[in-house]
Protein chains: 2
Amino acid sequence: MPRAQSDIEAGQERLVELACALIEERGGQALTLQEVAVRAGISPAQLARYFESREALLEAVAEYWFRPKVAIMEEVVASELPPRRKMYEFFARRYVMMRDAYRADPVAYEMYVELGNEYFEQVRSYVDLADHYLSMIIAEAMGEGFFPGLEIDMTLSLINQMVAPYCTIGVMGMLMDRLTEEKLARIIDAVFDGLSAQDRGAMGVSGLRAA
Amino acid sequence: MPRAQSDIEAGQERLVELACALIEERGGQALTLQEVAVRAGISPAQLARYFESREALLEAVAEYWFRPKVAIMEEVVASELPPRRKMYEFFARRYVMMRDAYRADPVAYEMYVELGNEYFEQVRSYVDLADHYLSMIIAEAMGEGFFPGLEIDMTLSLINQMVAPYCTIGVMGMLMDRLTEEKLARIIDAVFDGLSAQDRGAMGVSGLRAA
């Protein structure tokens, strides 16, 4: 008799947690299915019922790692906050979550950074999802008159660059000691006020190359 | 008879260039004084006249790598440009130089990133120097009324974070494909207009935590 889907899922979840513990101990490069099976006290054949390949396991690890960040993004985007505050919360809540993880165990944090760099395919869909949600906030802000004269894609790219230390995990790790929620708030204000400024006239540098 | 100082310096320069070629080929971790001596066709004893230790050689490599960037910073700071344009040129000229180096040889670029991460002591004084020059531009901008209510150190930190993809070499390498001078110009305008905005009132998020 085939196992119930929920049994499979509960088993997968438990194995992903074991895999994460192994990754945090020694990094993801060394991780093998064999090792996860040993740690779980099951045979490789039994493990294969849950994960057919190392790639499938790593994909599940990525899903597990990103799940609470995705929950934050969904909650913030669905909220009734005004767009500026929404964008602040969009970055701040994930930054605080990652900062706390970093403080609790900087080596484990670094292991996930390395894993993400090596298996960027598994990460890309989450980066795309974050861009999708951020674009929704940008569109909402544009509806209120912010970012005049800018396309959504250009605005998205500029914001991702201006806020990179608070959202790109590898960059965050490099600069963690200098990051604060207060600075992030000032940067988000500068994003809204600065990318919306219209009256700088000849003083601006962004017209230089067009001139 | 001791060699003339200029002879020593010319010899050091030539050896640093050889060391850079070796670093670009195989990274800095593997670099030994022995290897540089072989490449230069001299004995280790002769090499020791120029560099007493591997650390001294790496320090000279850092000086050599940063020299043209320091020249740009000095030239821009000494120029008569208005502060906003000065800040743009301060970042843009170094970004273009590093981007061109990256395009010419991305592997060699990565070797210097790794070397800088490993021997951050040799790099720190250049980071401090860049902060010093940027602070001069910020002070000049403040003299013209920009960044009201912000301390120089806070402004420096905010700008370094907002412009991180264009100045922190490791971050630049990660995001290189998405960087452009046009985006940098828009970010510098957002720095000046956004960090100088005063009339956002209750809309701002940077007063949230004080409230």
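Things to note:
- Computed from the C-beta positions of A:GLU144 and B:ALA21, the FRET efficiency with R₀ = 56 Å rounds to 0.50.
- For A:GLU144, nonlocal amide neighbours, meaning residues 5 or more places apart or on other chains whose placed amide H falls under 5 Å from its own, do not occur.
- A:SER125-B:ARG124 pseudo-label distance in nm [points 7 Å out on the Cα-to-Cβ vector]: 4.4 nm
- R0 of 25 Å, Cβ-Cβ distance A:GLU35-A:ALA101: FRET efficiency to nearest 0.05: 0.60
- Nearest 10 degrees, 0 to 90: helix A:152-162 Cα axis against chain A principal axis: 80 degrees
- For the range A:147-198, the fraction of alpha-carbon pairs in successive 10 Å shells from zero, as %: 24, 49, 23, 4
- Put a dot 7 Å past the Cα of A:ALA4, heading toward its Cβ, do the same for B:GLU114, and the two dots end up 5.2 nm apart.
- Relative contact order [Cα under 8 Å, 6+ residues apart], chain B, whole percent: 21 percent
- Low-density loop positions, GluC sites (Glu not before Pro), the range A:150-183 - DSSP coil, at most 12 other Cβ in 10 Å: A:GLU151
- Restriction of the GluC sites (Glu not before Pro) in the range A:98-148 to DSSP coil positions whose beta-carbon has at most 14 other beta-carbons within 10 angstrom yields A:GLU144.
- With the helix formula -39500 (n - 2.57) applied to DSSP H stretches of n ≥ 4, the protein assembly as shown reaches a computed 222 nm mean residue ellipticity of -24000 deg cm²/dmol.
- The range B:1-52: relative contact order as a whole-number percent, Cα under 8 Å and 6+ apart: 36 percent
- The gain in end-to-end length when the B:GLU52 to B:GLU151 segment is fully stretched comes to 31.3 nm, 0.36 nm per residue minus the alpha carbon separation.
- When only alpha carbons of chain A are considered, Rg and Dmax amount to 20.9, 75 Å.
- Cα-based helix-to-principal-axis angle, B:120-143 vs chain B, degrees rounded to 10: 30 degrees
- Rh by Kirkwood over Cα pairs, then Stokes-Einstein D for the protein assembly as shown at 0.692 mPa s and 37 °C, µm²/s: 135 µm²/s
- Cα→Cβ-extended label distance, 7 Å offset, between A:THR180 and A:VAL70, nm: 3.5 nm
- Chain A: angle of helix A:5-26 to the longest principal axis, Cα-based, in degrees nearest 10: 80 degrees
FYI, it's all coordinate maths here, none of it is from the lab. Note that the structure is a prediction, hence the values are computed from the model and not measured. Every residue, glycine as well, gets a Cβ built from its backbone with ideal geometry; the counts of neighbours run over all protein chains shown.
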